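Just so you know, all these numbers are worked out from the coordinates, no wet-lab data involved. From a predicted model like this one, the values you see are computed outputs, not experimental measurements. Reconstructed Cβ throughout: ideal geometry from the backbone, glycine too, with neighbour counts over all protein chains shown.
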Amino acid sequence: MKILGFVLGLLITQYCRAELLLEAGFIQALLPGQNTSAAFFTVTNRGETDCDLLDARGDFAGRTEFHSHQHRDGMVHMRAESSLPVPSRGQLVLEPGGYHLMLFDIDSLPATDSMVELDLDFGDCGNYRLQLPVRDRFQSDLADKKPAGVP
């Protein structure tokens with residue numbers, strides 16, 4: 001019985017330390033002849049533990065990479081990142097012109113306004129599933145902060 005109490009205590013502590021909220025974003029629709037896209041969303045960490053977004057997967061993409069934009073000498077450069085930080089009591093914002101999730105080798109992406117799922121790995125902070133709408137390049141609902149993530 002003591003072991004069960006200890007295990008439950010650890011689970012409750014872990015849950016309380018990493019309180020991640022995944023908020024609405026979108027995936028860019030594919031342009032004709034293209035097989036690469038990008039995903040944008042916000043992760044809010046309401047807990048006391050720093051977290052890192054380590055991996056992202058979607059059945060529709062062959063591979064994914066985290067990228068950042070850097071401005072140097074009047075040019076914008078994308079740089080691959082191995083992980084993205086989600087500070088305690090802070091946010092990670094993936095948005096056009098900033099951090100974003102690149103989606104490569106897409107065979108077929110559902111039509112605009114369809115929903116797709118991404119599985120996000122935050123290591124010790126947990127795994128989450130995020131549902132995002134597919135939007136054309138001129139639509140954006142990042143300002144619409146409706147919860148979209150399911151732990």
Exercise. Once amide H atoms are built 1.01 Å from N in the peptide plane, which residues 5 or more positions from Val86, or in another chain, come under 5 Å H to H?
Worked result: Cys51, Asp52, Leu53
For this session: Mind running the shape call on region 2-141? Use the C-alpha gyration tensor, a ≥ b ≥ c as the square roots of the eigenvalues: rounded below 1.5 for a/c, prolate if a/b tops b/c, oblate otherwise.
Result: prolate
Problem set entry | In sequence order, calculated HN-Hα J values of region 47-57 (Karplus, 6.51, -1.76, 1.60; Hz; x Gly/Pro) | x, 9, 10, 5, 10, 9, 7, 9, 7, 9, 9
Seminar exercise, completed: The answer for Gly47, listing residues at least 5 apart or on another chain whose modeled amide H is closer than 5 Å to its amide H, is Glu19, Arg89
Exercise. What is the set of long-range amide H partners of Tyr99 at a cut-off below 5 Å, with H atoms built 1.01 Å from backbone N?
Worked result: His69
For this session: Run a plain Debye calculation on region 82-130 (Cα atoms as equal point scatterers, no solvent) and give log10 I(q)/I(0) at q = 0.29 Å⁻¹, rounded to two decimals, same order as the q list.
Result: -1.35
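Take each of the peptides 123-134, 38-49, average the number of other beta-carbon atoms within 10 Å over its residues, and list them starting from the highest.
Sorting 123-134, 38-49 by mean packing, highest first, produces 38-49, 123-134.
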